[in-house]
Every structure is written in structure tokens, then in C-alpha cells.
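Only the coordinates and a few stated rules stand behind these numbers; no lab work does. Since we're looking at a predicted model, the values are computed, not measured. All Cβ positions, even for glycine, are placed from backbone atoms using ideal geometry, and neighbour counts span all protein chains on display.
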Amino acid sequence: MTSEVNDLIAALCDGSLSLEEVAQQFRERSWPSTRPPPATNYLELAEAALQDPEPTIPGSFDEVVAARDRGEITEDQYWVLAHAAAESIGLKDQRKT
């Protein structure tokens, strides 16, 4: 499955984009939430504990984690991209308040 995140990682791997160019794209994009809504009662907590992990959401940071786990990007590249995504998410949160 292709997504903007996978395309950016592929461009990083094939050298058509630099790490800083990909990081800048990460800072500018909107990241989908991967967390389910919080449980509001004991029954919901129990149900959540029994559920399988959530599937990877296309276009989410999960794809970056998967690329690192597959060895497509280095640990150093992962951390640069993680910080860039965190900046984007932080800016989004600041705009809400």
C-alpha cells in the first residue's frame, strides 16, 4: 500500500530527497491519530485490554516505525524524522488552543 509517508521514505532511500527535505515535509504535513478514544468506564477498559493491537494506519508515523524495523532507514534517520513529526504534531496542538 502506498502513502505519502511511504513515498517520502522511498525517496529518502533512493537518494532523490535528502534527510532534511523529508524531515521538512514531515514538519509540514498533518499526522493522523493512531490512538483509539480513551476508555470512559471499567467495561471499556476491560474490552480494550482484550483487543488486538490497532492496525497500521496509512499515512501515520507507524509507517516510519515499520521502515526502521525493516532496516530501510537508519536509527539516526528515524530520530530526525521522529523529531520532525513531533514538531508538526506540537504545532497542530498549539493551533487548537
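Observations, loosely collected:
- With contacts taken as Cα pairs under 8 Å at a separation of at least 6 residues, the chain carries a relative contact order of 42 percent.
- For the chain, the alpha carbon convex hull comes to 113 Å³ per residue, rounded to a whole number.
- Coordinate range along principal axes, alpha carbons of segment 10-57, Å, largest first: 50, 20, 11
- Taken along the Cα-to-beta-carbon direction at a fixed 7 Å, the label points for ASP14 and TYR78 span 2.4 nm.
- With contributions of -39500 (n - 2.57) from each DSSP H run of at least four residues, the per-residue ellipticity at 222 nm computed over the chain stands at -19000 deg cm²/dmol.
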